[in-house]
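Structure first, then comments.
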Amino acid sequence: MDTKIIGTRIKELRTNKKLKQYELAELIDIDEKYLSNIERGVSTCSYKVLLKIANELEASLDYICASNLKYNLIKNENPITSTINIELNKMNDKQQRCVLDLITSINKNDLT
C-alpha cells in the first residue's frame with residue numbers, strides 16, 4: 001500500500017476543512033504525532049483509524065486509497081478533478097444536483 005499517497009490525501013482533506021493536525025487527532029482520538037506520521041507516509045494505520053479519519057473528513061475510503069485500488073474510477077484523476085470532488089463532497093444534495101445540471105448543460109451545448 002502506498003502510504004505516502006494516502007497520507008497526502010488525508011492532509012489535503014484535513015487542510016481543506018481548515019483543521020490543524022492536533023484538532024483532527026483529538027476528534028478521532030489518536031496522538032497528534034501518529035497522525036503526522038500517517039500524513040507523511042511514515043506510519044500505516046488500521047482500518048478502524050482510517051475509517052475514523054474518512055468519516056471525520058467526510059471522504060470516502062476509495063478516494064483516500066484510490067491509488068492503491070486495482071479497480072477504481074479516479075486512479076488517473078487530475079488535480080482539477082480532485083479539487084472538484086473535494087468541493088462536491090462539501091455540498092448538500094441540492095447543491096450537487098445544481099452542479100450536475102450545469103455540467104450536463106455545458107456538455108450538451110458543447111461550450112468549449
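The values are calculated or read from the model by the stated rules, or taken from the named source; none is laboratory data. Keep in mind that what you see is a predicted model, and the values were worked out from it rather than measured. Cβ coordinates were reconstructed from backbone atoms using ideal geometry, including for glycine residues, and neighbour counts include every protein chain displayed.
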Can you pull out the residues in the stretch 25-50 that are modelled with pLDDT of 95 or more and at positive phi? 29
Take residue 53 and decide whether it is assigned to a helix (DSSP H, G or I), among the aliphatic types (A, V, I, L, M) and either at pLDDT below 95 or touching a Pro at 6+ places or on another chain (Cβ under 7 Å) (or both). no
Write out, first by first residue and then by second, each pair whose Cβ atoms fall under 8 Å of each other, whose residues are 6+ apart or on separate chains, and whose first residue, in the stretch 34-55, is more than 17 Å from residue 22 (Cα to Cα) and in contact (Cβ under 8 Å) with a residue 40 or more places away in the chain while the second is among the polar types (S, T, N, Q) and in a helix (DSSP H, G or I). 44/3
Here the qualifying pairs (Cβ atoms under 9 Å; residues six or more apart or on different chains; first in the stretch 4-17 and over 14 Å from residue 37 (Cβ atoms); second among the aromatic types (Phe, Trp, Tyr)) come out as 9/63; 13/63
If you take the residues in the stretch 56-91 that are modelled with pLDDT of 85 or more and part of a loop (DSSP other than H, G, I, E, B), which one is nearest to the chain's Cα centre (by Cα)? 59
